[in-house]
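Values quoted throughout were computed directly from the atomic coordinates according to the rules given, and no laboratory measurement underlies them. Quantities reported herein were computed from a predicted structural model and do not represent experimental measurements. Cβ coordinates were reconstructed from backbone atoms using ideal geometry, including for glycine residues, and neighbour counts include every protein chain displayed.
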Ligand SMILES: [Zn+2]
């Protein structure tokens, strides 16, 4: 596609138009930076009504009840807890963009205290009615926390530098910021080049798809955090990828679950990690 003059908002490098339209907005295009590899949109969709169920409408999950939605993401919640449960032990934890609290329910087993921030009203009401403190905005928080988690949230924020700065103000010295975001170089895009997957995954709500280079860059530039670990995780299985490649459809991890063995998934994840083409980036940062 054509060379464009659009400047990368992360590193100011040159970019190329890589995809016309997103799945929900034909007027928003996707660009990829030549230097840092970040994928970004030429305009963010300011219409997204997160407060009134946008995430579930958009993901066609509106028909599911809350327990079914929690069930759907439980695998991620358990994986995240396995990865950072030891950091949360005996600490105060804030999950920013906590949804229906799937991760908080896991973390509650070991934390000293926990709460969430969530724009979605249904989610917030559900949590507060079930004894889990949930705020609408981070500014409502009266105290600093030991651990702040961002699971698939940071990519929705249009001013990442400002937000990193803001988050650092809510974390105690020596506390942790944990960031999980989708990876720009997911193998379905970067090597398999699945057009169907590209049409599906590029979305006006994902304002940035980061690479390790670009995420590390803005963290180092911010200067308030040490990077304790930075790595890649594979959320979706080989069955999911095979269905994308064979039929151009999502859901292979459920439809072709005969391939769903722990050994096979781990071997595939290890290979993707070696190639730096997992679907997810996972950072643990310590506040200086
Ligand atoms: Zn860049």
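At full extension, residue 216 and residue 228 could sit 3.2 nm farther apart than now, given 0.36 nm per residue minus the alpha carbon distance.
When DSSP beta bridges are restricted to pairs lying wholly in region 48-287, around 45% turn out antiparallel. For the chain, the mean residue ellipticity at 222 nm estimated from helices alone is -9500 deg cm²/dmol, where every DSSP H run of n ≥ 4 contributes -39500 (n - 2.57) and the total is divided by all residues, rounded to the nearest 500.
When each of 255, 105, 39 is scored by the number of other beta-carbon atoms lying within 10 Å, the sequence from fewest to most is 255, 105, 39.
Ordered by the count of other Cβ atoms within 10 Å of each Cβ, fewest first, 197, 208, 73 give 73, 197, 208. Dividing the mean sequence gap of close Cα pairs (under 8 Å, 6+ apart) by how many residues the chain holds gives a relative contact order of 18 percent.
The ranking of 203, 256 by Cβ neighbour count inside 10 Å, starting from the fewest, reads 256, 203.
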